[in-house]
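The values are calculated or read from the model by the stated rules, or taken from the named source; none is laboratory data. Since we're looking at a predicted model, the values are computed, not measured. So basically every Cβ, Gly included, is an ideal-geometry build from the backbone, and we count neighbours across all protein chains shown. Heavy atoms of the whole protein, side chains included, go into the accessibility calculation; ligands, DNA and RNA do not. Shrake-Rupley method; radii C 1.70, N 1.55, O 1.52, S 1.80 Å.
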Amino acid sequence: MTFKASVLTLYPEMFPGALGLSLAGRALEAGTWSLDAVQIRDFATDRHRTVDDTPAGGGAGMVMRADVLARAIDHASPESDARPRLLMSPRGKPLAQARVRELAAGPGAVILCGRFEGIDQRLIEARGLEEVSVGDFILSGGEPAALALLDAIVRLLPGVMGNAVSGDEESFENGLLEHPHYTRPQEFEGREIPEVLVSGNHKKIAAWRRAESERLTRERRPDLLAAQPLLK
């Protein structure tokens, strides 16, 4: 089954962007996933192709119109479409690896990229959009966030990564940050590869990696341990 992504945006030329390169690009060429970038302005009805208007109640900036966005979504995702409808938004639920895996296991996603001050709340409610955040910071628009989301999804699709178990011990997969990595040369500017990693003792190596993951998580992301009380 091909994973089908439809991205609704004012800047379709931003896609596939980096997704046309490396693993994602090869998978796109192979048909493992598909990408359709939809120009939102095509669904405006006036000669200026207007997609926004002043905010109700006053205030700075502009708000993307519900009627224009609804036509764009209905075009890209008719009622029979089983794909989730996502809105890249800083007020959305923080994106987690578990949700990425859920999306990768599905038929695809319809992703709306907002601009300006945001989009009309009525559109979010009427079309059942799931708001997704990639971090506690503000971008100029949802496009970079959509690219990040799709990159995270595509690498998990069957056959995209050369080794299917490559992602099993990555950060967040087991609720911890990933352990440090080393490779040749044995010595670099006076720093040696930890002795345990060249010992050949796989049990000790596994224990060292687990301990390092726990240490780094406690130091850098103690919030991740909240769901793992035994590791606190």
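Some values worked out for this structure:
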| read-out | value |
| --- | --- |
| Computed helical MRE - 222 nm, the chain, DSSP H runs ≥ 4 contributing -39500 (n - 2.57), nearest 500 | -8500 deg cm²/dmol |
| Residues of type aspartates and glutamates that K203 reaches as a straight line, Cα spacing below 18 Å, ignoring anything fewer than 8 places off in the same chain | D168, E169, E178, E195, E212, E214 |
| Computed over the chain: relative contact order in percent, which uses C-alpha pairs under 8 Å that are six or more apart | 19 |
| Simple spin-label estimate for E192 and Q97 in nanometres, 7 Å along Cα-Cβ | 3.1 |
| Derived scalar couplings ³J(HN,Hα) [region 14-24; Karplus, 6.51 cos²θ - 1.76 cosθ + 1.60; whole Hz; x for Gly, Pro] | 6, 10, x, x, 5, 6, x, 10, 6, 4, 5 |
| Rounded to whole Å, sorted largest first: equivalent-ellipsoid semi-axes of region 101-158, Cα gyration tensor | 22, 15, 8 |
| Cα-Cα pairs of region 78-232 separated by more than 21 Å (percent) | 60 |
| Probe 1.4 Å, protein heavy atoms only - accessible area per residue of the chain in square angstrom | 58 |
| Burial ranking of peptide ranges 45-56, 211-222, 13-24 (average Cβ count within 10 Å, highest at the top) | 13-24, 211-222, 45-56 |
| √(5λ) per eigenvalue of the Cα gyration tensor, region 65-120, largest first, Å | 21, 17, 6 |
| Accessible surface of the chain [probe 1.4 Å, protein heavy atoms]: carbon and sulfur percent | 52 |
| Loop GluC sites (Glu not before Pro), region 111-144, which have at most 14 other Cβ atoms in a 10 Å radius of their Cβ (DSSP) | E117 |
| 20 °C / 1.002 mPa s Stokes-Einstein diffusion coefficient of region 1-102, Kirkwood radius on C-alpha pairs, µm²/s | 134 |
